[in-house]
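Chemist: My questions will all concern the structure given below.
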Amino acid sequence: MVFVAGLALAASTLQLQPTDDVWVYPHAGDPSKDAYLRVWGSGGRAVAQDAVDTTDFGYSYLRFKVPADLKSLKGAKLTLTHIAGPGYDKDFSKAFPIQVHGLKGTFEEKAWSYDLVNKVQPVGDKIFGTGWAENLSADKPFQIVIDLGKPEFYEYISAASKNGGDLYLALCTKVDVAEVGMKSMYKVFSKDAETDANKPKLVLETE
């Protein structure tokens with residue numbers, strides 16, 4: 001059995017929680033205390049064309065530590081837990097899903113400053129998977145599961161495994177809050193959520 005973050009799982013499965021995560025927005029609070037990550041886009045785009053435009057976007061970045069001897073993957077999923085009562089419906093979420101991108105640059109939560117957004121940015125053409133609120137709830141938190149089972153992601157995580165084990169991901173979406181309102185943003189629990197059940201999870205299935 002493999003024990004990860006206090007959880008006992010089958011030998012062929014790893015469940016990882018972020019070591020660091022940040023909400024990337026000029027007016028965000030202290031990332032080391034924020035229990036939520038927020039995601040929205042602007043002008044029909046999920047990723048800004050250049051760093052100058054990023055103030056209209058709300059990204060969230062995740063950092064995971066993966067084993068240095070990670071075996072061949074046969075499956076990967078990122079599970080996010082959204083707060084209850086979102087300001088959008090199922091059809092809206094399906095039309096404007098959360099996108100998981102690769103990340104240019106690296107970050108540490110405790111050292112994060114929005115000034116770093118010029119160096120640490122989502123890679124716009126590197127989308128590893130998308131997910132939407134298939135079973136949203138007005139009364140309780142619900143999960144958004146994003147399938148990352150693509151060769152491009154396997155190559156990305158394999159490189160991370162060989163280069164110190166730090167895997168960096170960016171959450172983005174085309175939801176334009178300037179048009180539909182701030183209530184329509186995605187708001188999911190961060191690694192600082194009060195309960196482990198609500199924290200982001202990267203589940204890897206190995207050969």
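Chemist: What does the highest-first list of 147-157, 105-115, 16-26 look like by mean Cβ count within 10 Å?
Modeler: Values: 147-157: 16.4, 105-115: 13.9, 16-26: 20.6.
Result, highest mean first: 16-26, 147-157, 105-115.
Chemist: Take the alpha carbon gyration tensor of the stretch 25-149, find the square roots of its eigenvalues, order them as a ≥ b ≥ c, and report rounded if a/c is under 1.5; if not, report prolate when a/b exceeds b/c, else oblate. Please list the in-between numbers first.
Modeler: Working: a/c = 1.42, a/b = 1.10, b/c = 1.29.
Rounded shape, in that the Cα axes give a/c under 1.5.
Chemist: I've got another one for you. How would you rank 177-187, 92-102, 133-143, highest first, on the average number of other Cβ atoms within 10 Å across their residues?
Modeler: 92-102, 177-187, 133-143
Chemist: Helix 151-162 versus the longest principal axis of the chain: what angle, 0 to 90°, nearest 10, using Cα atoms?
Modeler: That helix lies at roughly 60 degrees to the long axis.
Chemist: Set the bar at 29 Å for Cα to Cα. Now go through 126/191; 65/119; 90/162; 90/199 and name every pair that lies beyond it. Before the final figure, lay out the partial values.
Modeler: Numbers: 126/191 24 Å; 65/119 21 Å; 90/162 39 Å; 90/199 22 Å.
Correct reply: 90/162.
Chemist: With just the Cα atoms defining each centre, how far is the stretch 131-207 from the stretch 51-124? Give it in Å.
Modeler: 7 Å
Chemist: At 222 nm, what helix-only mean residue ellipticity would the chain give, in deg cm²/dmol to the nearest 500, using -39500 (n - 2.57) for each DSSP H run of four or more? All intermediate terms of the calculation are to be shown ahead of the outcome.
Modeler: On the way: 3 runs with 22 residues, N = 207.
That comes out to -2500 deg cm²/dmol.
Read the figures in this text as sums done on the coordinates, not as results from a lab. Keep in mind it's a predicted model, so treat the numbers as computed, not measured. All Cβ positions, glycine included, derive from the backbone under ideal geometry; neighbour counts span all protein chains shown.
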